[in-house]
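Enquirer: Below you'll find the structure I mean.
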Amino acid sequence: MSVRTRFAPSPTGFLHIGGARTALFCQLHTRRLGGTFILRIEDTDRERSTQAAVDAILEGMHWLGLDPDEGPFFQSDHTQLYLDAAQRLVDEGKAYRCYCSRESIDALRETQRQQQIKPRYDGRCRTRSAFPADQPYVIRFKTPTEGVTAWEDQIQETIRFPNDELDDLILVRSDGSPTYNLAVVVDDHSMGITLVIRGEDHISNTPRQIHLFQALGWPVPEYAHMPLLHGSDGSKLSKRHGAVSVLQYREDGFLPDALNNYLVRLGWSHGEQELFTRQEMQQLFDIRQVGRSAAIFNLDKLLWINGHHIRTATPEQLLPALSQQLDMLGFGVVEPERLLRIIPEFQSRAKTMVEMAEKVRFLFVDSVLPYDEKAAQKHLYPCAPQALITLQQALAQLEEWQAEVIDQCFRQVVAQLQMEMGKLAQPVRVALTGTASSPGIHDTLFLLGRDKSLQRLQEAIGHMQK
Ligand code: GLU
């Protein structure tokens, strides 16, 4: 039987980094085994679910290359299926109507607290024979009172729960709405899920879900409960640690391949290897190799991995991200051919696409003034204006504006002025970019174009002569 996994987010917020990791593990696990990855939106909580959250989840998953093989399915479309399953359990004597009022349950809890026993429903409606027609009721499951429920978790190994610790679970609320555990079991069954991969915070739901599978006569899937993500201070990952929407990472200049590479290493390893292509992850990942200790989120490592993926990507792969960043900086749409010439010169210089956009910014602005003060003091002002004048005149004569021709011209001027290469290149760099760093000087001149280059040299000469 081929493996079927599902990612089942509740659309009550954006897709954050922890959810993305769950989705990635679900998808990767099926890739190697030729299985199917399913997306199920758990929108039974109508009050807290929003369309905006659904859209953000779908967009985040698409950006990360985590589009499902099947779905998205919506639990709100399946209400009748859940209610039918509950009714079947009632008909078979495995669930019952409970008419206990809120007040009587509160009173029960209070008594239990006083007796210092764990507050829980005591099953008093199990044996009821009267069913008052006009009173609200919930449907409760007859949880087994003896024995142990255990499963071989693929990450946690064997987990056991004594059944007498669990009370009778509500399957359908008094307003007729099905509850989470019922909905999950019915869907996991009807979608043919063979392996449930989810966060460790759901471990306590699993024995209840196993009971329901058994009562309904359905095969129980396998489970893999992933350790949660923690911030660098050891506490549960929150906004302040970077648990923001994955789309924020896109805005902050991270590449989807880098984020996936980073996420796959949070809990999973393959020897000492840190850097993975997508294909490698798909070939190597195995959920059973995920470790049991909490994974720590580390932004520096993510930056390092992102820098690697920027360096090794093709310019075509970086094009959409750089275009988007330049657009966000207000430069509108730049011709792709131009960007494809620019990108290779900056790939080794940026850890994020935001940084790359900042570094190429000088190519698009009208003026680089004011100069970075330190760079100008160190390189531009000590240089004789005559050197820049000579260079500007020589460059203005060039018939072709090509990197090689520019390089030759630059070398001739350096020789003629009997200067060291760097003594001319650095002031020119400040004049062209406003800063002390850029790609090779002839590449910088070439990418900037004739008009802007000559104009910026002119501007610098004016500045130096002041
Ligand atoms: N909807 C649940 C959540 O967002 C996940 C349920 C599950 O994976 O079984 O936490």
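Enquirer: Among (1) away from the ligand (no atom under 12 Å from the Cβ); (2) in a helix (DSSP H, G or I), there is one condition GLY192 misses while meeting the rest; what is its number?
Expert: Here GLY192 meets the rest and fails (2).
Enquirer: Of the conditions (1) out of contact with any helix residue (DSSP H, G or I) (no Cβ under 8 Å at 6 or more places or on another chain); (2) farther than 30 Å from GLY34 by Cβ; (3) away from the ligand (no atom under 16 Å from the Cβ); (4) of a type outside the set (A, V, I, L, M, F, W, C), GLU157 fails just one. Which one is it?
Expert: (2)
Enquirer: Give just the number: which of (1) touching a helix residue (DSSP H, G or I) at 6+ places or on another chain (Cβ under 8 Å); (2) within 12 Å of the ligand (Cβ to nearest atom); (3) not in a strand (DSSP E or B) does ASP201 not satisfy?
Expert: Evaluating ASP201 over (1) touching a helix residue (DSSP H, G or I) at 6+ places or on another chain (Cβ under 8 Å); (2) within 12 Å of the ligand (Cβ to nearest atom); (3) not in a strand (DSSP E or B) leaves (1) as the failure.
Enquirer: Moving on. Answer with yes or no whether VAL360 is within 20 Å of ASP451 (Cα to Cα), at pLDDT 95 or above and not in a helix (DSSP H, G or I).
Expert: Spelling it out, it is not the case that VAL360 is within 20 Å of ASP451 (Cα to Cα), at pLDDT 95 or above and not in a helix (DSSP H, G or I).
Enquirer: Any idea which residue in the stretch 170-189 is surrounded by the fewest Cβ atoms within 10 Å (Cβ to Cβ), counting only those that are more than 15 Å from the ligand (Cβ to nearest atom) and assigned to a loop (DSSP other than H, G, I, E, B)?
Expert: By that ranking, first place goes to ASP175.
Enquirer: Being basic (Lys, Arg) and either in contact with a helix residue (DSSP H, G or I) (Cβ under 6 Å, 6 or more places away or on another chain) or in a helix (DSSP H, G or I) (or both) is the filter here; which residues of the stretch 447-466 pass it?
Expert: Across the stretch 447-466, the qualifying residues are ARG450, LYS452, ARG456.
Enquirer: Given the stretch 3-101, what strands (runs of 3 or more DSSP E) lie entirely inside it while holding 1 or more residues that are touching a Pro at 6+ places or on another chain (Cβ under 8 Å), within 14 Å of the ligand (Cβ to nearest atom) and under 21 Å from ASP257 (Cα atoms)?
Expert: 4-7, 36-41
Enquirer: Tell me, yes or no, whether the stretch 81-97 has at least one residue that is more than 18 Å from GLY192 (Cβ to Cβ) and touching a Phe, Trp or Tyr at 6+ places or on another chain (Cβ under 6 Å).
Expert: Taking every residue of the stretch 81-97 in turn, at least one turns out to be more than 18 Å from GLY192 (Cβ to Cβ) and touching a Phe, Trp or Tyr at 6+ places or on another chain (Cβ under 6 Å).
Enquirer: Is there any pair linking a residue in the stretch 42-53 that is in contact (Cβ under 8 Å) with a residue 40 or more places away in the chain to one that is outside any loop (DSSP other than H, G, I, E, B) and within 14 Å of the ligand (Cβ to nearest atom), with Cβ under 6 Å and at least six apart or on different chains, and which?
Expert: Within 6 Å, the pairs are GLU42/GLN75; THR44/GLN75; THR44/ALA183.
Enquirer: Give the stretch 102-143 a look and list any residue that's assigned to a loop (DSSP other than H, G, I, E, B) and under 30 Å from CYS26 (Cβ atoms), or say none.
Expert: Within the stretch 102-143, just THR143 meets the criteria.
Enquirer: I need the full set of residues from the stretch 309-321 which are in a helix (DSSP H, G or I) and over 15 Å from VAL354 (Cα atoms), in order please.
Expert: Answer for the stretch 309-321, where residues must be in a helix (DSSP H, G or I) and over 15 Å from VAL354 (Cα atoms): THR312, PRO315, GLU316, GLN317.
Table: residues versus (1) farther than 21 Å from VAL334 by Cβ; (2) in contact (Cβ under 8 Å) with a residue 24 or more places away in the chain.
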position	(1), (2)
ALA350	no, yes
ALA375	yes, yes
HIS379	yes, yes
GLN393	yes, no
TRP401	no, yes
PRO439	no, yes
LEU445	no, yes
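Enquirer: In the stretch 208-220, what residues are assigned to a helix (DSSP H, G or I) and either within 12 Å of the ligand (Cβ to nearest atom) or surrounded by fewer than 22 Cβ atoms within 10 Å (Cβ to Cβ) (or both)?
Expert: ARG208, GLN209, ILE210, PHE213, GLN214, ALA215, LEU216
Enquirer: Okay, next question. Condition first: over 21 Å from ASP443 (Cβ atoms) and either modelled with pLDDT under 95 or of a type in the set (Val, Ile, Thr) (or both). Now tell me which residues in the stretch 330-349 satisfy that.
Expert: Matches in the stretch 330-349: GLY332, VAL333.
Enquirer: Being basic (Lys, Arg) and either outside any helix (DSSP H, G or I) or within 15 Å of the ligand (Cβ to nearest atom) (or both), is that true of even one residue in the stretch 240-250?
Expert: Checked the stretch 240-250: no residue is basic (Lys, Arg) and either outside any helix (DSSP H, G or I) or within 15 Å of the ligand (Cβ to nearest atom) (or both).
Enquirer: Quick one: count up the residues across the stretch 173-219 that are of a type in the set (A, V, I, L, M) and closer than 15 Å to THR5 by Cβ. If you could, list the steps in order and put the result at the bottom.
Expert: As a first pass, look at the stretch 173-219 and keep what is of a type in the set (A, V, I, L, M): 182-186, 191, 193, 195-197, 203, 210, 212, 215-216.
Now drop any that are not closer than 15 Å to THR5 by Cβ, which leaves 184, 191, 193, 195-197.
Qualifying residue count for the region: 6.
Enquirer: Say whether the condition of being in a helix (DSSP H, G or I) and without any contact (Cβ under 8 Å) to a residue 40 or more places away in the chain is met by at least one residue in the stretch 427-435.
Expert: Checked the stretch 427-435: no residue is in a helix (DSSP H, G or I) and without any contact (Cβ under 8 Å) to a residue 40 or more places away in the chain.
The values are calculated or read from the model by the stated rules, or taken from the named source; none is laboratory data. The shown structure was predicted, so the numbers you read here are calculated from the model rather than taken from an experiment. Every residue, glycine among them, receives a Cβ derived from its backbone with ideal geometry; neighbour counts consider all protein chains shown.
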